[in-house]
There are 2 protein chains.
Amino acid sequence: MEILLAVAKTNKYATSESGDSVEVVERPNGGISVVMADGQSSGKGAKQISSLVVRKVISLLSEGVRDGAAARAASDYLFTERKGKVSSTLNIVSIDLQTATMVITRNNPLPVFIASNEEICAFDDECSPIGLYRDTRPLINEMPLEPGLTVVLFTDGLVHAGSRSGENLDIKTFLESQIEEQEEADPQKIADHLLSDAMQLDHGRPVDDISVVIIQVTSHKGDSVRRMTVQLPLN
Amino acid sequence: MEILLAVAKTNKYATSESGDSVEVVERPNGGISVVMADGQSSGKGAKQISSLVVRKVISLLSEGVRDGAAARAASDYLFTERKGKVSSTLNIVSIDLQTATMVITRNNPLPVFIASNEEICAFDDECSPIGLYRDTRPLINEMPLEPGLTVVLFTDGLVHAGSRSGENLDIKTFLESQIEEQEEADPQKIADHLLSDAMQLDHGRPVDDISVVIIQVTSHKGDSVRRMTVQLPLN
């Protein structure tokens, strides 16, 4: 098997900084985790919040702390730092090689889509963003690593795209079409496609920061080389 | 301009874990940093060391600490933790958008190759790995972000490839040929090519962990989308 992870990310129109943060970190007992946070409001203030949250989580994960505990720690930390006045969403998806599972942790009202072969379901039970209350707990979903498993998460910029003109993106239908077309579609292409559709609905001027993260388990048996690429446009 | 970063990484033959660690982190004042460490010896012990070093550095960088100070802190930390008995190499390359420069920090006897248009030079002044002595200082090289600038760094597995049969890889000549062929060659292809050449010299059984990192500044003006991909083969 092989894990493929893809991130595509853009800023709200006319802001120099995205309020979303996405980081990937290696797990000390094997595997990787991707952490995504969307800080309240936009621009510099939001970036500070989401970066504080993601930093706390990746630092704990890299010390071997479990995902749920890391999410709760980040919530308490943000609550303490900002006196319960500022919220942030938080998603963690981990490929945990110790348990051979994918672990999805959510402190985000938005759903996470989980596709396994021909079915797509939304992991959308109600849950709260972090930072506003004490004892905010994440929802956690764990499933075995199996080829064909694809997980799609995003920040609310993707959902709000087109809202100025009363349109919106049907993310689930789009994903269904992608999975029907090809069993193991390239995750970077899916992420790019979702992002560009959203930007089109916003006429190229996104009304909010948008981040899309896709993690796929494939049956591909390639070489034993780990690879990572980053593409960072400068203004 | 656009920054492209590529990492390719493989384990020493018959070890389940690479003793090298490579992580990428966003800089709080804009830009990204890639941190690479190679812990003494190989396998689990080496991984623990390199991961401790990289974790310390990315945690400091993400708090806004400057690269040189982060490298010195990591050295003191490793020295204190392991009582000066264990060493690790450390390289940091940062795209610093505050200063519009690329900052190369070295605590590694191996050179870092810097290509700018048609010339390749080695940043190879003598310097020590971290962890063995107090007051180990890194060497730092800073240059303006300009299209055509490419930086190539690697761990010693790349240099030792072929040593069993008395062969070795001429990395500089290879890079020169790549740059002559195309002004802005795809960094992932260069990294993959270097790694596969090294693995071939070792007859598919690398004598040491190998990591290759390439960072390129291109003149490409694409969309404003940040992208990241990770490919993680599972056994």
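The values are calculated or read from the model by the stated rules, or taken from the named source; none is laboratory data. Just so we're clear, the structure is a prediction, and the values are computed from it rather than from any experiment. A quick note on method: Cβ atoms are made from the backbone with ideal geometry, for glycine too, and the neighbour counts reach across all protein chains shown. SASA here: full protein model, heavy atoms, side chains in, ligands and nucleic acids out. Shrake-Rupley method; radii C 1.70, N 1.55, O 1.52, S 1.80 Å.
Observations on the model:
- The radius of gyration of the Cα set in the protein assembly as shown, together with its Dmax, comes out at 21.6, 68 angstrom.
- Euclidean distance between Cα centres, the stretch A:164-235 to the stretch B:156-206, Å: 32
- Residues of the stretch A:15-44 buried by at least 40 Å² on assembly (accessible area, 1.4 Å probe, chain alone as reference): A:GLU23, A:VAL24, A:GLU26
- Residue pairs exceeding 22 angstrom between C-alpha atoms, taken from A:LYS47/B:LYS221; A:LYS9/A:LYS44; B:LYS44/B:LYS83; B:LYS9/B:LYS44: A:LYS47/B:LYS221.
- Here B:LYS12 is the anchor, and the aspartates and glutamates within straight C-alpha reach of less than 17 Å, apart from those fewer than 8 places off in the same chain, are A:ASP223, B:ASP20, B:ASP38, B:ASP156, B:ASP192, B:ASP197, B:ASP202, B:ASP208, B:ASP209.
- The protein assembly as shown - accessible surface per residue (Å², probe 1.4 Å): 43
- Whole-angstrom Cα spans of chain B along principal axes, big to small: 48, 44, 36
- Using C-alpha pairs below 8 Å separated by at least 6 residues, the relative contact order for chain B is 25 percent.
- Gap separating the Cα centres of the stretch B:13-55 and the stretch A:50-87, nearest whole Å: 23
- Stretched out straight at 0.36 nm per residue, the stretch from B:GLU176 to B:ASN235 would grow longer than its current Cα-Cα span by 17.7 nm.
- Length gained on full extension, A:VAL65 to A:SER116, computed as 0.36 nm times the residue gap minus the Cα-Cα distance: 15.6 nm.
- Scaled radius of gyration (Cα, divided by 2.2 N^0.38 Å) that the stretch B:102-229 gives: 1.14
- Within the accessible surface of the stretch B:47-87, defined with a 1.4 Å probe on protein heavy atoms only, the carbon and sulfur portion equals 45 percent.
- Chain-alone versus full-assembly comparison, the stretch A:76-98, residues with accessible loss of at least 10 Å² (1.4 Å probe): A:LEU97
- Shape category assigned to the stretch A:39-164 from the gyration tensor of Cα positions, a/c cut at 1.5: oblate
- For the pair B and A, the buried accessible area comes to roughly 4500 Å² in total, with a 1.4 Å probe and the value rounded to the nearest 100.
- Cα gyration tensor category, rounded, prolate or oblate, for the stretch A:1-64 with a/c compared to 1.5: oblate
- Contact with the other protein chains removes 30 Å² or more of accessible area, compared with the isolated chain and a 1.4 Å probe, from these residues of the stretch A:219-234: A:SER224, A:VAL225, A:ARG226, A:ARG227, A:MET228, A:THR229, A:VAL230, A:GLN231, A:LEU232, A:PRO233, A:LEU234.
- Within 10 Å of each Cβ in A:2-14, the average number of Cβ atoms from other chains: 4
- Whole-angstrom Cα spans of the stretch A:42-97 along principal axes, big to small: 36, 21, 15
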